[in-house]
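Derivation of every value follows stated rules applied to the coordinates shown; laboratory data play no part. Here the structure is a predicted model, which is why all the values come from computation and not from measurement. FYI the Cβ positions are ideal-geometry reconstructions off the backbone, even for glycines, and counts take in every protein chain you see.
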Amino acid sequence: MPDSRFFKRNSSLSVGQLADITKAEPGPGANTDHIIEDVKPLDEAGAADLSFLDNIKYKEQFLVTKAGACFVSPDFADKGPEGVNLLVTPTPYKAYAMAAQAFYPDAFPEENISESAHIHEGAKIGKGCVIAPGVVIAQGAEIGKRCWIEANVTIGENVQIGNHCRVGAGSTISHALIEDHVRIYPGVRIGQDGFGFAIDPQGHVKVPQLGRVLIESHVEIGANTCIDRGAGPDTVIGQGTWIDNLVQIGHNAKIGKGCVIVAQVGISGSAVIEDFVALGGQAGIAGHLRVGMGARISAQAGVMRDVPPGEEQAGTPAMPSKQVLRQIVALTRLTEKKKAS
């Protein structure tokens, strides 16, 4: 249940308005004039609340829910409890997300530049920006329109940040060019030296990291993620990619469009992740490899070879998931036979 101390609800909406917003179809007998005031889980929702059923695991909660309205797939269009106004859509969770955004839109503060922010006279700040206390913006940096730079952020020399971006508290950005509508969560590090050195018995020799970080539009970067700048080629994050917390992306890595990278993933230097790849939590990608478009890498997998487009891999060393499952079954049978003997 949203806590009103932290989340401000916009307004009430009718079932019909929710249908229009989400492109869902009112179910049989749905009252499109019924007023919904908030969003809640199936087991907590009341007559003025909206909920959803997306995972069959929660079917029993759905069958007894008291919600005033509920997003469901077509399979459940005629299975709702009495009094629940069903909204039918092939993507109930997406519809719920759109409705929740309507109830709780992102709040953007009024334009303000804190007196305690340190902004070099050679920096450029766009109209409508919010610059919080303790922010440091260096010479030559450019911040676009309607950006929100939270407390204690450091933005290095000549960094460019596009319009409608938000940079979370305590983040640091250097050697980077960032496009529009990018969300950077607290504690992110962008543009620091990559881990590049020549190994030598007499002492390792640092390789100057002379590239940049290029971040395209509509990217989200989770808290405490680190993205190293390139050694010569740039490190690139493609449009619409979402990165979870605590991810490490090495120098020269190229991440394509629309990728999903879950927490604690490590991507080594010069790896190429093509468009629409999904990397499960704690997966590791070795350097100089290519993961093909649409591939899916399971959690904790260790990728040591190129991955073909569209393939699902698991395990360490990573291999096709079906092969991993066959190996698990075979090993289980062997151990069972040993116990029986």
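Our coupling estimate for the stretch 30-46, obtained by passing each phi through the Karplus curve with A = 6.51, B = -1.76, C = 1.60 and θ = phi - 60°, is 5, 8, 6, 8, 4, 8, 10, 10, 7, 10, 8, x, 3, 7, 10, 6, x Hz, Gly and Pro reported as x. The three principal axes of the C-alpha atoms in the stretch 117-209 carry coordinate ranges of 54, 26, 23 Å, sorted with the longest axis first. Once the chain from Asp20 to Leu325 is taken as fully extended at 0.36 nm per residue, the excess over their C-alpha distance is 105.4 nm.
Across the stretch 56-64, computed HN-Hα scalar couplings (Karplus, 6.51 cos²θ - 1.76 cosθ + 1.60, θ = phi - 60°) run 4, 4, 9, 4, 5, 5, 4, 5, 10 Hz from first to last residue, x flagging Gly and Pro.
Cβ crowding within 10 Å, taken as a proxy for footprinting-reagent exposure, orders Ser12, Ser321 from fewest neighbours to most as Ser12, Ser321.
Exposed loop positions in the chain were taken to be chymotrypsin sites (Phe, Trp or Tyr not before Pro) whose DSSP state is not H, G, I, E or B and which have at most 16 other beta-carbon atoms within 10 angstrom. Between these positions, the longest stretch is 8-194. Amide H contacts of Met304 (H built 1.01 Å from N, in plane; Pro and chain starts excluded): Ala318 sit under 5 Å, all sequence-distant by 5 or more or on other chains.
Assuming a ≥ b ≥ c are the square roots of the Cα gyration tensor eigenvalues, decide whether the stretch 171-341 counts as rounded (a/c under 1.5), prolate (otherwise, with a/b larger than b/c) or oblate. Write down the numbers at each step before the final one.
Details: a/c = 2.41, a/b = 1.67, b/c = 1.44.
The shape class here is prolate.
If you take the beta carbon distance between Leu334 and Gln300 as r and set R0 to 35 Å, what does 1/(1 + (r/R0)^6) give as a FRET efficiency, to the nearest 0.05?
Numbers: r = 23 Å, r/R0 = 0.66.
Efficiency computed from Cβ-Cβ geometry: 0.90.
The antiparallel fraction among DSSP beta bridges confined to the stretch 171-341 stands at about 10%. Dividing the mean sequence gap of close Cα pairs (under 8 Å, 6+ apart) by how many residues the stretch 13-103 holds gives a relative contact order of 29 percent. Amide hydrogen proximity for Ile36: with H placed 1.01 Å from N in the peptide plane, the residues at 5 or more positions away or on another chain lying under 5 Å are Leu13, Ser14, Val15.
Across Thr91, Thr225, Thr316, mean-square fluctuation computed from a Gaussian network of the chain (C-alpha pairs under 10 Å connected) peaks at Thr91. With neighbour counts taken as other beta-carbon atoms within 10 Å, the residues Val64, Val88 rank, fewest first, as Val64, Val88. For the pair Arg5 and Tyr93, a Förster radius of 35 Å applied to the C-beta separation gives a FRET efficiency near 0.85, rounded to the nearest 0.05.
Kirkwood radius for the stretch 13-77, taken over all pairs of different Cα atoms as the inverse mean of 1/r, rounds to 11.8 Å.
Listed by chain and number, the aspartates and glutamates whose alpha-carbon sits under 18 Å from that of Lys66, ignoring those within fewer than 8 places in the same chain, are Asp33, Glu37, Asp38, Asp43, Glu44, Asp49, Asp54, Asp78, Glu82. A Stokes-Einstein calculation at 10 °C with viscosity 1.306 mPa s, built on the Kirkwood radius of the chain over Cα pairs, returns a diffusion coefficient of 69 µm²/s.
Each residue in Thr172, Thr241 was given a count of other beta-carbon atoms within 10 angstrom of its own, and listing them fewest first yields Thr172, Thr241.
With the cut-off at 1.5 for a/c, could you classify the stretch 239-285 from its C-alpha gyration tensor as rounded, prolate or oblate? It comes out oblate by the Cα gyration axes.
Quick check on my link table: of Lys257/Lys322; Lys145/Lys254; Lys8/Lys94, which ones sit more than 25 Å apart, alpha carbon to alpha carbon? Please list the in-between numbers first.
Details: Lys257/Lys322 27 Å; Lys145/Lys254 27 Å; Lys8/Lys94 21 Å.
Those over the limit are Lys257/Lys322; Lys145/Lys254.
Taking label positions 7 Å along the Cα-Cβ direction at both His120 and Lys59, the computed distance is 6.2 nm, reported to one decimal. Taking every Cα-Cα distance in the stretch 22-163 and sorting them into 10 Å bins from zero, the calculated P(r) comes out as 12, 32, 12, 13, 20, 10, 1 percent.
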